Amino acid sequence: MYDISGLNEECGVFGIWNHQEAAQLTYMGLHSLQHRGQEGAGIVCSNGENLIGERGLGLLTEAISDTQLESFKSYQHAIGMFAMLHQEIKELRIFNHFYITFMI
């Protein structure tokens, strides 16, 4: 299936907690780690009560638009990830774990 015998750099996670610019800083953090995976990205933000997120295929700039990032401004918690996909068919469903319900 997959060769996991050595160090593999095929994903990245970055998050900011309790900061007014959490989404923007998370976006920049993901950008600096993007060399680890370039086929899909997503960001989920929270204000402590609600979750809002966006995901997409491609490089970070293709997956998350400036307009979408701007809509996250009022949220002070954010976590983002990107990955190198191991499937021949690349689908957004690989990021479904971003949309589970949990308490912050």
*Taking interchain pairs and intrachain pairs at least six residues apart, which have beta carbon atoms under 8 angstrom, with the first residue in the range 56-76 and more than 19 Å from ILE16 (Cα to Cα) and the second surrounded by 14 or more Cβ atoms within 10 Å (Cβ to Cβ) and polar (S, T, N, Q)?*
GLY58/GLN38; LEU59/GLN34; LEU59/GLN38
*If a residue has to be surrounded by 15 or more Cβ atoms within 10 Å (Cβ to Cβ) and either at positive phi or among the aliphatic types (A, V, I, L, M) (or both) to count, how many in the range 41-55 make the cut?*
5
*asked:* Take the conditions in a helix (DSSP H, G or I) and modelled with pLDDT under 90 and apply them to GLN34. Does it pass?
replied: yes
_I'd like the full set of residues that are touching a Phe, Trp or Tyr at 6+ places or on another chain (Cβ under 9 Å) and part of a loop (DSSP other than H, G, I, E, B), limited to the range 58-74._
LEU59, ILE64, PHE72
_Quick check on the range 81-102. Is at least one of its residues modelled with pLDDT of 80 or more and among the hydrophobic types (A, V, I, L, M, F, W, C)?_
yes
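The values are calculated or read from the model by the stated rules, or taken from the named source; none is laboratory data. Here the structure is a predicted model, which is why all the values come from computation and not from measurement. Note that each Cβ is placed from the backbone with ideal geometry, even for glycine, and that neighbours are counted across all protein chains shown.
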